[in-house]
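*Asks:* Sharing a structure below in structure tokens format, with a few things to ask.
The values are calculated or read from the model by the stated rules, or taken from the named source; none is laboratory data. All values reported here derive from a predicted model rather than from experimental measurement. Neighbour counts are summed over all protein chains in view; Cβ atoms, including those assigned to glycine, are modelled from backbone coordinates with ideal geometry.
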Amino acid sequence: MASENYASNGVAIAPLTSVNQALNFGRDYSRLKNYYETWSADYDNDVSEENYCGPSMLADLFDSLHRAPRERQSLRIMDACCGTGLVGKELMLRGFAPVDGCDLSPAMTHLAHKTQAYARLYGGVDLTEYNPLIADNQYDATFCCGAFIQGHLPIEAIHELMRITTQGGVILFSTRCSFYQDEHFDKFLDKLTASAQLCALPSFMNAAYLNDVQAHYLAFAVNK
């Protein structure tokens, strides 16, 4: 459950860590990193209580694009903003080989390692910046689930996802419907598709995400 704090009279007050609390850091990535370092131990329980289904939805979307079982063991996949490894676990259940992962929080990647769904993990990765540890054109598919939300990644971080993905590879990401609208994702993505840098693939729109929150799950082929 979410970490709780109690007033002197024993009445519970606002939790110290929670899904909603994580939205309040205004892209101050130092504070956000520290928050997730603290939240990591409770994260899986907290998001489960909110019926978080983003990882399974995004894995289902990828599953629909890659039906051939033999192909799954050879694909090179990056789970960007992997957190505690929920996406990796979903992909493993669907027969994909262990993937690579990266996250802003080393504590989260430490927990992801315990899932045994990851081959390599990189902690302390800020996807708003170029990271030389992750080479260009390295992955056949790059996931980013749950990070395009308030106070986290800006839409421009898609360029870093594209950088590490091969020509003809796929990027898949989720974004809350409200964030998609507020940040004008449609205009940004339209420019990338109009310039032939991305090609839209089937997506899940207005789909389940959290209790009372819907998300879009988007997939694009990368052209360079």
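*Asks:* Considering only residues of the range 198-224 that are part of a strand (DSSP E or B) and small (G, A, S), which is surrounded by the fewest Cβ atoms within 10 Å (Cβ to Cβ)?
*Replies:* Step by step, filter the range 198-224, then rank; the result is A200.
*Asks:* While we're on this one: What about L189, is it crowded, with 16+ Cβ neighbours inside 10 Å, out of contact with any helix residue (DSSP H, G or I) (no Cβ under 6 Å at 6 or more places or on another chain) and not in a strand (DSSP E or B)?
*Replies:* Working: crowded, with 16+ Cβ neighbours inside 10 Å: yes; out of contact with any helix residue (DSSP H, G or I) (no Cβ under 6 Å at 6 or more places or on another chain): yes; not in a strand (DSSP E or B): yes.
Answer is yes for this residue.
*Asks:* Continuing with this model, one more query. Give the residues of the range 99-118 that are among the charged types (D, E, K, R) and in a loop (DSSP other than H, G, I, E, B), sorted by residue number.
*Replies:* Scanning the range 99-118 gives a single hit, K114.
*Asks:* Would you mind telling me which numbered condition in (1) in contact with a strand residue (DSSP E or B) (Cβ under 6 Å, 6 or more places away or on another chain); (2) loosely packed, with under 14 Cβ neighbours inside 10 Å L161 fails?
*Replies:* For L161, the failing item is (2).
*Asks:* Can you name the residue in the range 168-186 that is among the hydroxyl-bearing types (S, T, Y) and part of a strand (DSSP E or B) and is also surrounded by the most Cβ atoms within 10 Å (Cβ to Cβ) among such residues?
*Replies:* Once the filter is applied, the top-ranked residue is S174.
*Asks:* Does at least one position in the range 77-93 carry a residue that is surrounded by fewer than 17 Cβ atoms within 10 Å (Cβ to Cβ) and assigned to a loop (DSSP other than H, G, I, E, B)? Lay out the reasoning, then the answer.
*Replies:* First pass over the range 77-93, keeping only residues surrounded by fewer than 17 Cβ atoms within 10 Å (Cβ to Cβ): 93.
Of the ones still in play, those that are also assigned to a loop (DSSP other than H, G, I, E, B) are none.
So far as the range 77-93 goes, no, none of its residues is surrounded by fewer than 17 Cβ atoms within 10 Å (Cβ to Cβ) and assigned to a loop (DSSP other than H, G, I, E, B).
*Asks:* Further, regarding this structure: Out of everything in the range 55-76 that is in a helix (DSSP H, G or I) and of a type in the set (G, A, S), what residue ends up being surrounded by the most Cβ atoms within 10 Å (Cβ to Cβ)?
*Replies:* Here is the first cut: in the range 55-76, the residues in a helix (DSSP H, G or I) are 55-65, 69-72.
Those still in the list that are of a type in the set (G, A, S) too: 56, 59, 64.
On the way: S56: 18, A59: 24, S64: 12.
Checked the range 55-76; the qualifying residue surrounded by the most Cβ atoms within 10 Å (Cβ to Cβ) is A59.
*Asks:* Next question, about the same structure. Can you find, within the range 39-89, the residue that is nearest to D126 (Cα to Cα) among those that are modelled with pLDDT under 95 and among the hydroxyl-bearing types (S, T, Y)?
*Replies:* That would be S74.
*Asks:* Starting from the range 168-182, keep only residues that are modelled with pLDDT of 95 or more, then list their pairs with residues that are assigned to a strand (DSSP E or B) and of a type in the set (D, E, K, R) whose Cβ atoms are within a distance under 7 Å, requiring at least 6 positions of separation or different chains.
*Replies:* Sorted first by the residue in the range 168-182, then by its partner, the pairs are G169/D140.
*Asks:* Determine which member of the set T128, T142 is of a type in the set (S, T, N, Q) and either in contact with a Cys (Cβ under 9 Å, 6 or more places away or on another chain) or in a strand (DSSP E or B) (or both).
*Replies:* T142
*Asks:* Another question about this same structure. Identify, please: which residue in the range 103-155 is closer than 16 Å to M92 by Cβ and of a type in the set (S, T, Y) and is, among those, surrounded by the most Cβ atoms within 10 Å (Cβ to Cβ)?
*Replies:* Residues of the range 103-155 that are closer than 16 Å to M92 by Cβ, as a first pass: 111-121, 141, 143, 145.
In the following step, the residues that additionally are of a type in the set (S, T, Y) were identified as 115, 118.
Details: T115: 17, Y118: 24.
Of everything passing the filter in the range 103-155, Y118 is surrounded by the most Cβ atoms within 10 Å (Cβ to Cβ).
*Asks:* All but one of (1) among the hydroxyl-bearing types (S, T, Y); (2) modelled with pLDDT under 95; (3) over 25 Å from Q167 (Cα atoms) hold for S105, so report the exception by its number.
*Replies:* (2)
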